[in-house]
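Have a look at the structure below, then the notes.
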Amino acid sequence: MKYKFIIFMIFGSILTAKGQETIPEWFITEIKAQEGTWIADNSKYSEDGIESYAIEWTLSPLKNSLYGRLYGINDNVEIGTFWTFHKYFDTSKNKVVLMQIGYNGSLGIGTIEYKNNNETVLTQTFTDPEGTSRLEGHNMIYPNDTTEIGSSYSINESGGWTLKRTYTWKKSL
């Protein structure tokens, strides 16, 4: 029994190492830079009743993907998590995937397209607990290492994008 465990551990380590080799180094560099807490002012959208939003990104134990959560802040006090995220590199599709789950059970999943060194486009399908689906898009611009400007869009059936909101996210140092 002891030998089976050792063989299993060695084989498992080989598979893990092999899996990490297929994830591009640029992705590992990207997620390490994204790790941390990013805060955006929400005063433009006061109907939310939330002063700021924060996204907290944490590297996975193998440091090859990110886990995150988006939460609200009022009077410097966290008021609850609205979304949780998992950002990973899908080696079978050779694409970066972002999956998110909302506090109400909605699921969003999509891929990130890299436009150039400082811009990405995320297109996601969101499905709510009742089974209704919708398309949404996010355009992110990265003017520097500590700033992200993100705009969210609804996407209609003919593929047209309509702006919903824009936030400037600052990395908390």
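Quick notes on this one:
- Annotation note: Cβ proximity below 9 Å between a residue of segment 72-93 that is under 21 Å from Gln34 (Cα atoms) and a residue that is of a type in the set (Lys, Arg) and open to solvent by 80 Å² or more (accessible area, probe 1.4 Å) (sequence gap 6+ or interchain) occurs for Phe89/Lys95.
- A single entry from Lys93, Lys87 fulfils the requirement of being farther than 25 Å from Glu130 by Cβ and either small (Gly, Ala, Ser) or surrounded by 15 or more Cβ atoms within 10 Å (Cβ to Cβ) (or both): Lys87.
- For first residues located in segment 115-131 and on the phi > 0 side of the Ramachandran plot, partners that are open to solvent by less than 20 Å² (accessible area, probe 1.4 Å) and at pLDDT below 95 and lie 6+ apart or on another chain with Cβ distances below 6 Å do not occur.
- Considering residues of segment 45-77 that are of a type in the set (Asp, Glu) and loosely packed, with under 12 Cβ neighbours inside 10 Å only, the residue modelled with the lowest pLDDT: Glu47
- From Leu122, Leu98, residue being modelled with pLDDT of 95 or more, open to solvent by less than 50 Å² (accessible area, probe 1.4 Å), under 17 Å from Asn64 (Cα atoms) and of a type in the set (A, V, I, L, M): Leu98
- For beta carbons closer than 8 Å, sequence separation of 6+ or different chains, a first residue in segment 24-41 that is surrounded by fewer than 14 Cβ atoms within 10 Å (Cβ to Cβ) and hydrophobic (A, V, I, L, M, F, W, C) and a second that is modelled with pLDDT under 95 and part of a loop (DSSP other than H, G, I, E, B), the qualifying pairs are Ala33/Asp145.
The values are calculated or read from the model by the stated rules, or taken from the named source; none is laboratory data. Remember, it's a predicted structure, so these values are computed and weren't measured experimentally. Quick reminder, even Gly has a Cβ in these numbers, built from the backbone with ideal geometry, and neighbours come from all protein chains shown. These area figures cover heavy atoms from the full protein model, side chains too; ligands, DNA and RNA do not enter into them. Shrake-Rupley method; radii C 1.70, N 1.55, O 1.52, S 1.80 Å.
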